[in-house]
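Read the structure below first, then the notes.
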Amino acid sequence: MDLLREVRGRDHTYDRFLSTMCTRPHPIAVKAYEMFLETNLGDPGLFPGTAEIEKKVVQLLASLLSCRDGVGYISTGGTESNIQAIRAARNASGRRDGNIVVPASAHFSFDKIADLLNLEVRKAALDEMLRVDVADVERQIDERTICLVGIAGTTEFGQVDPIEDLAKLAIENNIPLHVDAAFGGFVLPFLDLDLRWDFRVDGVQSITIDPHKMGMSPIPAGGLIFRSADHVKRLETETYYLTVAKQASLTGTRSGAAAAATYAVIMHLGIEGYRATVDRCMDMTRYLVSSARAMGIEPVIEPVMNVVGFKMNDPPGVRKALLERGWHVSMTREPRALRLIVMPHMTKENLDIFIDDLAAVISH
Ligand code: PLP
C-alpha cells in the first residue's frame, strides 16, 4: 500500500487538467461503485439486482435521448460503444466487405473499428464551421456502405453535425445512422439549443453516450443505446456455461459497479443537477473565451459546448510552456489549435490562474 500511495502521488491532479473529457467522479457515484465492486454483469443471473439496475440506467439514458423504449447496455466507454454500434450495423447488412462514412472529425475509435471489423472507413470533409459536409457524405455512399456516422459533440471542437440531414441520407439509402454523442450526450440535453440530434430524428439507429465524461460517473462507464431490441439481437453470441443463454456485450466479464455508479449519480443530480453543472461549465467556457479575446486570441469556432480550440501561431510551443507551469492542455489536428475542455472539476479560481499563465506565455 505504501508503494501504491507513492506511485499514485506521482499522478497529476484534475485541478490542472484542461485536456481531458473525464472528470472527478461524483462522490455518490464512488459510494455506489464501491458497493457493487464484486458484481459481474457478464453473468447476470448471479447478480439479478445489479442486472435490474443496469436496465434502469439504460432506460434513464434512453429517455435522456428521447426514446422511452431504447435498449442497450453500459459499456467501458465511447470506443466500445462505437465498435458495437458499427458491428450491429455490419451484422444487419450481411456484408463482410462494407464501408462506413464518418466525418473527418470522427474520434480515432473509428480507425480501430476499421481494423477490427475489416471495414473501409471513408472520411467526409467538414464545412468551415467544422460540421460534416453532407454533400460529401452523399458522394461517398455506395452499395457497400453499411452505416453513416454523425457526431454530436466532436472530440476536438465540440461541434455538432447536421444529424437531421445525415438521417435523411441514411433513410434514402436504407442504411442506419449512428450518432456518437460520447461527450455531447450529457451536455446537449441541458443546453437551450435548437438542435435535433437524438432519437427524435427518424433514421438514428444507435447513440453512444458516456457517463464517464460529463455524466460524472467513475471510469469505465460508457453507454450504448439502440432504438429497438432487434439491433441488440445482432450482437448476441450464444454462451454455453453462463446463467444466461446469450450475451450482447463486447467484453465478457464486466463490472456492475459502473452501472450502479451511473444510476446513483443520475438519480442524485437529476435533470436540474446536470443542467446546473453544464451551466457552470459553459459560464466558465465563455469567461475563458472572452479573457482570451482580450489577449488577442480567437477561438476557431464559437464554442457550442465546453470545448474550445484557440487559434495561435505555435500551439505546440504554447502547450509546452503551459505544461512547464503545471497546466495540461492539448491540441487539435486540423485546423491546428490549442484545445481546452472546461470540465466540472475546474473552478473559477483555477481558471483565473490559468488565464494569467496563458497571458504570460503568450507575451513571451
Ligand atoms: N467518441 C467521442 C466523440 C469522444 O470524444 C471520445 C473520447 O474522447 C470517444 C468516442 C472515445 O471514448 P473512450 O475514450 O471513452 O473510449
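Dipole magnitude for the chain: computed about the Cα centre from +1 point charges on Lys and Arg Cβ and -1 point charges on Asp and Glu Cβ, it is near 460 debye. Which of the three applies to the chain, rounded, prolate or oblate, going by the alpha-carbon gyration tensor with a ≥ b ≥ c and a/c under 1.5 meaning rounded? Judged from the Cα gyration tensor, the chain comes out oblate (a/c at least 1.5, b/c at or above a/b). Net charge in the neighbourhood of residue 156 (other residues with Cβ under 10 Å of its Cβ; Lys, Arg +1, Asp, Glu -1) is +1. Exposure proxy shown here: for 328, 212, 26, the number of other Cβ atoms within 10 Å sets the order, fewest to most, as 328, 26, 212. Among the chymotrypsin sites (Phe, Trp or Tyr not before Pro) found in the stretch 209-296, those both in a DSSP coil and sparsely packed, with 11 or fewer other Cβ atoms within 10 Å of their Cβ, are 240, 241.
Using unit Cβ charges (K, R positive; D, E negative) and no other charged atoms, how large, in debye to the nearest 20, is the dipole of the stretch 48-163 about its Cα centre?
The dipole of the stretch 48-163 has a size of about 420 debye.
Cβ crowding within 10 Å, taken as a proxy for footprinting-reagent exposure, orders 54, 238, 34 from fewest neighbours to most as 238, 34, 54.
Here's how it looks for residue 298: its modeled amide H is under 5 Å from those of 311, which are all 5 or more places away or on a different chain. Exposure proxy for 14, 73: other Cβ atoms within 10 Å of each Cβ, ordered fewest to most, give 14, 73. Looking at the stretch 41-181, the DSSP beta bridges with both ends there are about 15 percent antiparallel. Extension gain, residue 325 to residue 234, is 27.8 nm, computed as 0.36 nm per intervening residue step minus the present C-alpha separation. Which of rounded, prolate or oblate describes the stretch 285-364 when judged by the alpha-carbon gyration tensor and an a/c cut-off of 1.5? In terms of gyration-tensor shape, rounded.
When the charge dipole of the chain is built from unit charges on Cβ atoms (+1 for Lys and Arg, -1 for Asp and Glu) and taken about the Cα centre, the candidate among 137, 240, 12 whose Cα reaches farthest toward its positive end is 240. Direction-averaged projected area, Cα convex hull, the stretch 146-234: 6.3 nm², rounded to one decimal. Taking the centroid of alpha carbons for each part, the stretch 248-275 and the stretch 134-150 are 33 Å apart. Shown here for the stretch 121-152: GluC sites (Glu not before Pro) in loop regions (DSSP other than H, G, I, E, B) with at most 15 other Cβ atoms within 10 Å, namely 128, 143. Comparing 270, 184, 215 in a Gaussian network model of the chain, where Cα atoms under 10 Å apart are tied by springs, the biggest mean-square fluctuation is seen for 270.
In summary, the helical segments of the chain meeting the span-like criteria, namely a full DSSP H run, a Cα extent along the axis of 18 angstrom or more and a mean Kyte-Doolittle hydropathy of at least 0.0, are 48-64, 257-294, 348-363.
Charging the Cβ of each Asp and Glu at -1 and of each Lys and Arg at +1, and nothing else, the dipole of the stretch 242-364 about its Cα centre rounds to 500 debye. The simple spin-label model puts a point 7 Å past each Cα toward its Cβ; for residue 172 and residue 120 those points are separated by 2.1 nm. Applying a DSSP loop filter and a limit of 16 other Cβ atoms within 10 Å to the trypsin sites (Lys or Arg not before Pro) in the stretch 299-364 leaves 311, 325, 333, 336. Taking 71, 342, 244 in turn, the Gaussian network model of the chain (Cα-Cα springs below 10 Å) assigns the largest fluctuation to 244. Looking at the chain, the DSSP beta bridges with both ends there are about 55 percent antiparallel. Each of 178, 261, 167 was scored by the projection of its Cα onto the charge dipole of the chain, and the greatest displacement toward the positive side belongs to 261; charges sit on the C-beta of Lys, Arg, Asp and Glu.
Can you list the aspartates and glutamates whose alpha carbon sits under 19 Å from that of residue 246, skipping same-chain ones fewer than 8 residues off? By straight Cα distance, residue 246 reaches 43, 52, 54, 80, 230, 236, 238.
A short reminder: the numbers here are calculations on the coordinates, not readings from a lab. As the structure is a computational prediction, the values presented were derived from the model and not from experiment. Here Cβ is always computed from backbone atoms with ideal geometry, including for glycine, and neighbour counts include all displayed protein chains.
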